[in-house]
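Notes for the one structure printed next.
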Amino acid sequence: MQLTDTEKAMRDGEGGEAVAAAMDLLIRYGNALGAERLVETDNVAGAFNASTPSVRKIAENGMAEVFSKLNLDSDKTVEIPQMAARTCQLITGIDDQNWALQGADPQMVQMQRDSEAFVGKRGVNLMATCTPYQVGNVPTFGEHCAWMESSAVIYCNGALGGRTNVEGKESTGAAALTGRIPYWGYHLTENRYGNRHIRVDVPVRSMLDWGLLGYFTGEMVEENIPVLEGDLAGVDLVKLKHFGAAAASSGGVEMYHIPGHTPEARIADEAFGTSRAEDFHVYDAAARKKMYDTLQSAEDRKVDFIMLGCPHNSIEQVGRIAHLLDGKRLHPDVALWVHTPRAIRTVAERSGYVARIEAAGGKVMSDTCPAISRRLPEGVRVIATDSAKQAHYLPAIAKVQGWFGSLEACIEAGLTGTWKGDF
Ligand code: F3S
């Protein structure tokens, strides 16, 4: 891989041991990928904190060792300097304010706090969400980024026109310290063109519709790049958040085009560019119903947990939940958790939404989600969620039964304790 003089100097230790370790990692990683060079990045979203039991042993030796081992793949513990690139922390394992409700171990809470103090001091912005684009990190068109988290990556590429591959803990750690990432995959224009075509023959309007279309898209195209056209309306960034998370769950989609709506294609020809559709799929009423049925893993209609906010909810979504719960009370056997970034929670508090949700018996959580934390209310057997991604993962992760449906169906289940669904 070709290096600039600045990159060679970093590799040779001019920026200190940590930067040299980071550059060594990027060179090994880039060579394995066949990248010809690195590209500058000033936008890194990674996982830098320590919040899992497996890290406890390493953390006993200090947070520099945690960063060295987990974020730089270095056996030697090196001193960690200030981040070179604008860097933010993605979702974590523990809600710093509601950890007792999660049943988290106080020692783990302290470990997470210590690690956040360590990386915060070095310039990591502790956004603690899978949706950094909702709380201040919005990549500009064409901006080269180094992001982890599948739902964030597809949003960055598809909805915003930023450029990132799905990075890992190590590569984001190295990118943060060097401001570089291998130039391959979705950083290259020729790899961003569509190669699958989906024709939408059934109206797609609501959040439920966008989640189902996303799940269908992932199932059909797997890791390819779909171009979607047809009866699509009401496209907005919150619906694209929902759509992308679903497509990345059922199929691993990292990039898509909706001509006329997403930034890299005004018309289908632009979406396909120098590529062409190798496969053609039709999304119709039967496909929609099939996706809805596929996402149900429950049989028992007695629900005891409602999970809302995957990916983390926008302020409008939290407001809508408050509205639907207004003046009502959850069924005594049901817990309801709403997940949103902490910055949005602050706005929701100020707007009165948190008080209204909590008056109904719900809880507004931040920093984490049940799939990441693997923590649910005690004794949960049957969940309901409005997120295709959570319905896809949580039943297997937490050994629970899962219902999937609209927000309205989930709220109704929360109030009655019984799942009725949407169809
Ligand atoms: Fe975010 Fe957790 Fe869903 S990381 S996308 S809320 S599974």
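For M365, the amide hydrogen comes within under 5 Å of the amide hydrogens of V338, H339, T340, counting only partners 5 or more places away or on other chains and with H modelled in the peptide plane. Relative contact order of the chain: 16 percent, from C-alpha pairs under 8 Å at least 6 residues apart in sequence.
Assigning unit charges at the beta carbon (Lys, Arg +1; Asp, Glu -1) and nothing else, what dipole magnitude in debye, to the nearest 20, does the range 1-119 show about its Cα centre?
Using Cβ point charges on Lys, Arg, Asp and Glu, the range 1-119 gives about 240 debye.
Taking the Cα centre of each part, how many Å lie between the range 348-371 and the range 139-175? If you average the Cα positions of each part, the centres end up 28 Å apart. At full extension, R374 and E14 could sit 125.4 nm farther apart than now, given 0.36 nm per residue minus the alpha carbon distance. Taking 0.36 nm per residue of sequence separation and removing the Cα-Cα distance, the K302/A32 pair yields an extension gain of 92.2 nm.
Residue-wise HN-Hα couplings along the range 166-178, as the Karplus relation 6.51 cos²θ - 1.76 cosθ + 1.60 with θ = phi - 60° gives them from phi, are 7, 8, x, 4, 6, 5, 6, x, 5, 5, 4, 8, 10 Hz; Gly and Pro carry x. Taking all Cα pairs closer than 8 Å and separated by 6 or more residues, the relative contact order of the range 80-190 comes to 29 percent.
Compute the FRET efficiency between R205 and K328 as 1/(1 + (r/R0)^6), taking r as their Cβ-Cβ distance and R0 = 25 Å, and round to the nearest 0.05.
0.45
Normalised by the residues of the range 5-189, what does the relative contact order come to in percent, with Cα pairs under 8 Å and at least six apart? Once divided by the residue count of the range 5-189, the mean separation gives 32 percent. Under a 5 Å amide H cut-off, with hydrogens placed 1.01 Å from N, I91 pairs with T129, C130 among residues at least 5 apart or on other chains.
Placing unit charges on the Cβ atoms only, positive for Lys and Arg and negative for Asp and Glu, gives the range 305-416 a dipole magnitude near 260 debye about its Cα centre. Electrostatic bookkeeping for E222 treats Lys and Arg as +1 and Asp and Glu as -1; over the other residues with beta carbon under 14 Å from its beta carbon, the sum is -4. From its DSSP helices (H runs of at least four residues, each -39,500 (n - 2.57)), the chain gives a residue-normalised ellipticity at 222 nm of -11000 deg cm²/dmol. Here the chain is assigned +1 on the Cβ of each Lys and Arg and -1 on the Cβ of each Asp and Glu. Its dipole about the Cα centre then comes out at about 900 debye. Spin-label pair K121-D293: with each label point 7 Å from Cα along the Cα-Cβ axis, the two points sit 5.9 nm from one another. Among residues other than P53 whose Cβ falls under 11 Å from its Cβ, what is the net charge (Lys/Arg +1, Asp/Glu -1)? It works out to a net charge of +2.
For L38, the residues whose modelled amide H falls within less than 5 Å of its own, excluding neighbours fewer than 5 places apart on the same chain, are Y183. Each peptide in 224-235, 273-284, 302-313 gets a packing score, the mean of other Cβ atoms within 10 Å over its residues, and the list from highest to lowest is 302-313, 224-235, 273-284.
For the range 26-102 versus the range 219-244, the spacing of their alpha-carbon centroids is 31 Å. Summing +1 for each Lys or Arg and -1 for each Asp or Glu among the other residues whose beta-carbon sits under 15 angstrom from that of M291 gives -3. The phi torsions of the range 84-97, fed into the Karplus equation with coefficients 6.51, -1.76 and 1.60 and a -60° offset, translate into couplings of 8, 10, 4, 9, 10, 8, 7, 5, 10, x, 9, 7, 4, 9 Hz, rounded to whole numbers, with Gly and Pro shown as x. Extending 7 Å from Cα along the Cβ direction at D236 and again at E79 yields two label points whose distance is 5.1 nm. Remark: the range 289-299, residue by residue, has Karplus-estimated 3J(HN,Hα) of 5, 4, 5, 4, 5, 4, 7, 8, 10, 9, 10 Hz, where x stands for each Gly or Pro and the curve is 6.51 cos²θ - 1.76 cosθ + 1.60 at θ = phi - 60°.
The numbers here are math on the coordinates, done by the rules we state, and not lab data. Note that this is a predicted model, so its numbers are computed, not measured. Please note: Cβ atoms are built from the backbone with ideal geometry, for glycine as well, and neighbour counts cover all protein chains shown.
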